[in-house]
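This report concerns only the one structure given below.
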Amino acid sequence: MESKTLQTLKIDKDFKNLICPLENKEYLQLEANLLADGCGDPIITWNGFIIDGHNRYELCIRHQIPYTVVEMKFNCRESVISWICANQLGIRNITVETRKFLIGMQYESEKLSHDLKNAQGKNQYDKPESELSCGTPNSKEETRPSPSGHVIAQRIAQENQIAEGTVLKYAIYTRALEAMGQKVPEMVPKILSGRYKISHNNVVDLSLLTSDEIKKVGHRMERNQQPFVQYNSTRQKTQNTLEQASSNDSPSTPSVKDMPAFDPDAAITALTLTIPSWVSSIKRTRMNTDFDRVSFYAKDKLTETLIHLQYTISKMLSAIKEEE
């Protein structure tokens, strides 16, 4: 049996942010259990960085409770992140939003690991251990073929009992939350906790706004005193406010006679005329391509693009139905 210790371990912010936070009641219960029985579960680390057991470590250090450390081996950060996501999905009673984010993040990190392993170029030996990338060359290891994004998505889908396309959709959701977190970090925990009820499509829309616009949405949602805040109920008010602010910032307003004649059907008509060419291209490619000879990489890229197109079409159809 491994001996217990009180050694100082390292904290990686990105790793810790993937760990689902405990509710206050759960945290206090964990503290009581550790004080009564000691730390039975090990702290899991990679290169000295905690990847599972952040709360146990914090409480053990505070109360001087010895613990066991189990060091795991991974090739790079991307592999560690993938493991953390899979581990959290398996042991936590998490919100729907967090589950979607973790599945998307697991796919993104594994795919990035695959892409980096196949990339040519930079030697990254001079990076700190916590920043090691799967693109780091290692002459002691054999080069092995990596799975394609399609294979990765298929495996993750099976593990979570969802469709492969759903994994790719969750990856879009994860990228949107990551983009939002770069602008307004405090919004992301509120979405993942379920405090802010925002649909997949609206999360993507929200991530495209500026920091100020996102903050205005957050402020309006926060003023709603209900336990859970619906984004749809504040979206129109926020949009009206943003449009009014934009109008006030404009140096001058053209007169009616300076305005071109407005055709409300113009954009829709142009799109309607364009789409048949897409359909024709898709049909032609499907009929003339030997998919058995196409690389996994090419098929994976096309699959992602088609999933995004499918999502965009669904969004447009929803917009049309809302106005009928």
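The values are calculated or read from the model by the stated rules, or taken from the named source; none is laboratory data. Everything quoted here is computed from the prediction, not taken from an experiment. Cβ sites come from the backbone with ideal geometry, for glycine too, and all protein chains shown count toward neighbours.
Looking at Leu22, Leu6, which one is among the aliphatic types (A, V, I, L, M), surrounded by 12 or more Cβ atoms within 10 Å (Cβ to Cβ) and at pLDDT below 95?
Going through Leu22, Leu6 in turn, the sole match is Leu22.
I'd like to verify a number: residues in region 148-165 that are closer than 22 Å to Ala298 by Cβ and in contact (Cβ under 8 Å) with a residue 40 or more places away in the chain, how many?
8
Anything in region 261-314 that is of a type in the set (Asp, Glu) and part of a helix (DSSP H, G or I)? List them, or say none.
Those that are of a type in the set (Asp, Glu) and part of a helix (DSSP H, G or I): Asp300, Glu304.
Could you identify the single residue in Ser277, Ser318 that is out of contact with any Lys or Arg (no Cβ under 8 Å at 6 or more places or on another chain) and surrounded by 10 or more Cβ atoms within 10 Å (Cβ to Cβ)?
On inspection, the qualifying residue turns out to be Ser318.
Which is among the charged types (D, E, K, R) and at pLDDT below 90, of Glu159, Glu178, Glu186, Glu222?
The unique qualifying residue is Glu222.
Within region 60-78, can you find the residues that are surrounded by 20 or more Cβ atoms within 10 Å (Cβ to Cβ) and assigned to a helix (DSSP H, G or I)?
Cys60, Arg77, Glu78
Restricting attention to region 190-201, and to residues there that are surrounded by fewer than 19 Cβ atoms within 10 Å (Cβ to Cβ) and out of contact with any Gly (no Cβ under 9 Å at 6 or more places or on another chain), which single residue is nearest to Glu23 (Cα to Cα)?
Restricting to residues being surrounded by fewer than 19 Cβ atoms within 10 Å (Cβ to Cβ) and out of contact with any Gly (no Cβ under 9 Å at 6 or more places or on another chain), the top hit is Ser193.
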